[in-house]
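Data block below; observations after.
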Amino acid sequence: GLTGNRGWQGHWRDPDPKPQYDAVIIGGGGHGLATAYYLAKDHGMTNIAVLERSYIGGGNVGRNTTIVRANYYLPGNSEFYSHSLKLWEGLEQDLNYNAMMSQRGILNVFHNDAQRDSAVRRANAIINQGDDAEILSRDQLRDMVPLLNYANNRFPIQGALLQRRAGTARHDAVAWGFARGADQRGVDILQNCEVTGIRTEGGKVIGVETSRGLIRAGKVAMAAAGRSSQVAAMAGLTLPIESHVLQAFVSEGLKPIIDHVLTFAEGHLYISQSDKGGLVFGSYLDLYASYAARGNLPMVEHTMEACVAMLPAIGKARLLRSWGGIMDMTPDGSPIIDRTSIEGLYLNAGWCYGGFKATPASGQCYAHLIATDRPHEAAAGFRLDRFETGRGLMDEEATGAQHN
Ligand code: FAD
């Protein structure tokens, strides 16, 4: 600020598109940028471009509630998110970028015997995977978070599942860090470059049509999150994905009152406090298919109601703003990182409402697939054909039982 904004350099270059790249990535969200970064870093592929129709950080990577964790239940998901959390733990050093990673712990509060049983089962699975999980009694939880409504009869509190290594990261810094890291390795980041068509010849991809002209590429990797179905349709593919809106909310700045990430299964609510003091919270999907990145009022009411029921102390706090993002929902709630039936065309999609925490692992595993044509072992379960064979990854975490 002391320089009056003069002489500052952009974090990444603003090059013109080349007519041809070895690979192009459609979508400059967290996953697309991370993919470019790891393609360059791990596989030496630098003649590549990320094509973003808008600006970096304008999609879900800059709209989410920033929660990272590795507390999934099923094989297929659990090793992937475990891998991702380990990457998060070294990400700031790797990118040399402050992503404000804060391992403040996540508490999944449970309200009845069935939820407690499920939390215990999940804790055992998490520990078997090699990650940390603890079950807290009601008294232990009260010592840690005294502000909760322990007198609540509608949503009685029995205890919580705690993962101490989980927490939050500054979402747009993650996008910027990956963008800068990819750019430094030679990747072209092309903003305001919308892909409008995917060109194929004889069952093989040969490039993309964009708002900035035709770009040829031997490999085309889709990472368009909420718009995955629309992008895949450009190549004649129909995906098992529906796009839905998910909203998030921020309150005015308050003194520190919530030290962890809290989730409440019963009211379907999750909440944390940002470093600026705002309470960041959200709940469930708006529950109708839409490409509008804004939400409707009944879900606002539901979320606020749950918030006040669980944390009456914040009842007088004012809501500062809210927004929505477009979620690429799969039938089993788990993602896809796979090749497609078209040679050279790859798919990364279906992250539903949980893809932020996946960002580093998704990028690394997708880069591995694009560079080697073989799935990375941590993402081997995320195959597209599971929707034909019926071998879904119906994880209670992935299907929103405790989403965020
Ligand atoms: P995006 O940032 O959306 O990137 C996709 C990009 O593709 C966009 O920038 C878009 O403009 C671009 N694009 C689309 N079509 C084209 C085209 N034709 N040509 C060029 N570019 C195109 N996950 C968590 O793990 N934890 C959370 O706490 C969490 N909370 C959430 C809360 C909300 C309110 C929302 C909306 C999401 C939340 N998520 C969370 C989910 C997470 O944000 C997403 O799963 C993840 O960000 C999706 O991947 P991405 O970052 O690559 O998406």
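Taking the conditions (1) among the hydroxyl-bearing types (Ser, Thr, Tyr); (2) within 16 Å of the chain's Cα centre (by Cα); (3) crowded, with 24+ Cβ neighbours inside 10 Å in turn, Tyr37 satisfies each one other than (2). Return the residue satisfying two criteria in turn: it lies in segment 217-240 and is open to solvent by 40 Å² or more (accessible area, probe 1.4 Å) and either within 17 Å of Ile370 (Cβ to Cβ) or touching a strand residue (DSSP E or B) at 6+ places or on another chain (Cβ under 6 Å) (or both), and of such residues it is nearest to the ligand (Cβ to nearest atom). Here the answer is Met234.
Scan segment 334-353 and give yes if some residue there is closer than 30 Å to Ala151 by Cβ, under 13 Å from the mean Cα position of the chain (by Cα) and within 16 Å of the ligand (Cβ to nearest atom), otherwise no.
Checking segment 334-353: not a single residue is closer than 30 Å to Ala151 by Cβ, under 13 Å from the mean Cα position of the chain (by Cα) and within 16 Å of the ligand (Cβ to nearest atom).
Taking the criterion of being open to solvent by less than 10 Å² (accessible area, probe 1.4 Å), at pLDDT 95 or above, within 29 Å of Gln247 (Cβ to Cβ) and of a type outside the set (Gly, Ala, Ser), the residues of segment 331-351 that qualify are Pro335, Ile336, Ile337, Leu347, Asn348. A Cβ distance below 8 Å, combined with a sequence gap of six or more or placement on separate chains, defines the contacts here; from segment 225-249, residues that are in contact (Cβ under 8 Å) with a residue 60 or more places away in the chain reach residues that are within 7 Å of the ligand (Cβ to nearest atom) and in a helix (DSSP H, G or I) in the pairs Ala225/His31; Ala225/Asn60; Gly226/Asn60; Ser243/Gly226; Ser243/Arg227. Scanning segment 309-330 for residues that are small (Gly, Ala, Ser) and open to solvent by 20 Å² or more (accessible area, probe 1.4 Å) returns Ala309, Ala313, Gly315, Ala317, Ser322.
Taking the stated definitions as given, is Asn108 open to solvent by 10 Å² or more (accessible area, probe 1.4 Å) and either within 14 Å of the ligand (Cβ to nearest atom) or aliphatic (A, V, I, L, M) (or both)? Against the criterion (open to solvent by 10 Å² or more (accessible area, probe 1.4 Å) and either within 14 Å of the ligand (Cβ to nearest atom) or aliphatic (A, V, I, L, M) (or both)), Asn108 does not qualify. A residue that is part of a loop (DSSP other than H, G, I, E, B), within 11 Å of the ligand (Cβ to nearest atom) and under 30 Å from Gly202 (Cβ atoms) cannot be found anywhere in segment 290-305. With respect to the conditions (1) more than 30 Å from Leu148 (Cα to Cα); (2) outside any strand (DSSP E or B), Gly207 falls short on a single one, namely (2). Restricted to segment 188-204, and to residues there that are assigned to a strand (DSSP E or B) and among the polar types (S, T, N, Q), the residue that is nearest to the ligand (Cβ to nearest atom) is Thr196.
Given the condition part of a loop (DSSP other than H, G, I, E, B), at pLDDT 95 or above and either crowded, with 20+ Cβ neighbours inside 10 Å or in contact with a Pro (Cβ under 6 Å, 6 or more places away or on another chain) (or both), answer yes or no: does some residue in segment 357-371 qualify?
yes
Taken over segment 81-102, residues that are in contact with a Ser or Thr (Cβ under 9 Å, 6 or more places away or on another chain) and open to solvent by 10 Å² or more (accessible area, probe 1.4 Å) amount to 4. For segment 5-51, residues that are within 14 Å of the ligand (Cβ to nearest atom) and under 16 Å from Gly177 (Cβ atoms) total 12. State whether the residues of segment 69-80 include one that is free of Cβ contacts under 8 Å to residues at least 60 places away in the same chain and surrounded by fewer than 21 Cβ atoms within 10 Å (Cβ to Cβ). Within segment 69-80, none of the residues are free of Cβ contacts under 8 Å to residues at least 60 places away in the same chain and surrounded by fewer than 21 Cβ atoms within 10 Å (Cβ to Cβ).
Residues in segment 261-289 that are within 24 Å of Arg154 (Cα to Cα) and not in a strand (DSSP E or B) were compared, and the one that is most open to solvent (accessible area, probe 1.4 Å) is Glu266. Taken over segment 203-216, residues that are surrounded by 21 or more Cβ atoms within 10 Å (Cβ to Cβ), closer than 20 Å to Asp14 by Cβ and either basic (Lys, Arg) or out of contact with any Pro (no Cβ under 6 Å at 6 or more places or on another chain) (or both) amount to 2. Just one of the listed residues (Leu136, Leu141, Leu161, Leu147) is closer than 27 Å to Met101 by Cα, more than 12 Å from the ligand (Cβ to nearest atom) and at pLDDT below 95, namely Leu147.
Does Glu252 satisfy the criteria of being away from the ligand (no atom under 11 Å from the Cβ) and open to solvent by 60 Å² or more (accessible area, probe 1.4 Å)?
No.
The values are calculated or read from the model by the stated rules, or taken from the named source; none is laboratory data. Every value quoted in this text rests on a predicted model; they were computed, and no experiment measured them. Neighbour counts run over all protein chains shown; Cβ positions are idealised from the backbone, glycine included. Protein only, heavy atoms only, side chains kept; ligands, DNA and RNA dropped before computing areas. Shrake-Rupley method; radii C 1.70, N 1.55, O 1.52, S 1.80 Å.
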